[in-house]
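Shown next, in C-alpha cells, is the structure this report addresses.
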Amino acid sequence: MNNIGTAYVLWLGCLLQLHGLQRLYNGKIFTGFLWLFTFGLMGFGQLIDLMLIPGMVDEHNAKYRAKHGMLPPNSPHLQPVIQRVVAHEFAPPPAVIPTRDRLVVQLVRAAHSRNGKLSVTQGVMDTEANFVEVEAALRGLVKTGYVDIYNDPETGVVMYDFREL
C-alpha cells in the first residue's frame, strides 16, 4: 500500500532533476518515464502532480486492494462483522449485491436517463465510482454485446450506446 507522504517526498526528486518518481511509485510507468525524460513536461506536469498525488495514491491502493481481494479501510462491510463478534451473535451475514453488479445497474439507469447514451465521465458523476471502475464496467458490457462504443462526431468523446434503451 502506497503512502501520500512518500509520494510527495518522491515528487521532491524534481529538485535533483529526477522528475516523475511519484508516478513510477504509483504504478504509472509510462507517464513516469515520460516525466523523467521531458523534465516533468517542462515542469508543468510536475506542478500539476502536486494536486494529483492524493488521487494517484488512492487509485493505486484501490487497484492493489482489488487485485488482492482486500476490503477498503473503514469499510462499512466490516462494521456488522465487528458488531456480531462483540455481541457474540453468530448469524450469517446479510446477502450483499456484489459491487460490480451494483455499478452496472447504476450505469444502466444513468444511460436510461440520457436516452441510452453514456460517457465515462457521466457514469462517474452518476455512480460516484472512479474512472477506472466505470470504464472497466462499460467495456465489460461492450464485450457482452449489450452496448456499442463510438466517438461522438461533434466532441470526439468516447460514448457508450445501450442498444435496448
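Given their separation in residues at 0.36 nm each and the Cα-Cα distance between them, K67 and D148 gain 26.4 nm when the chain is fully extended.
In summary, the lysines within cross-link reach of K117, defined as a Cα separation below 25 angstrom excluding same-chain residues under 8 places away, comprise K143.
Count Lys and Arg as plus one, Asp and Glu as minus one, and take only other residues whose Cβ is under 15 Å from that of E59; the net charge is then 0. For K63, a cut-off of 18 angstrom between C-alpha atoms picks up these lysines, skipping any fewer than 8 places away in its own chain: K28.
The peptide list 42-48, 22-28, 52-58, put in order of mean Cβ contacts within 10 Å with the highest first, becomes 22-28, 52-58, 42-48. Please report the spacing between the Cα centers of segment 1-76 and segment 114-151 in Å, no decimals. Each part reduced to its Cα centre gives a spacing of 25 Å.
In this structure the amide hydrogen of S119, modeled in the peptide plane, comes within under 5 Å of the amide hydrogens of Y160, none closer than 5 places in sequence on its chain.
Placing +1 on each Lys and Arg Cβ and -1 on each Asp and Glu Cβ, with no other charges, gives segment 99-162 a dipole about its Cα centre of roughly 200 debye.
Only the coordinates and a few stated rules stand behind these numbers; no lab work does. What you see is a predicted model, and the numbers here were worked out from it, not measured in a lab. Neighbour counts run over all protein chains shown; Cβ positions are idealised from the backbone, glycine included.
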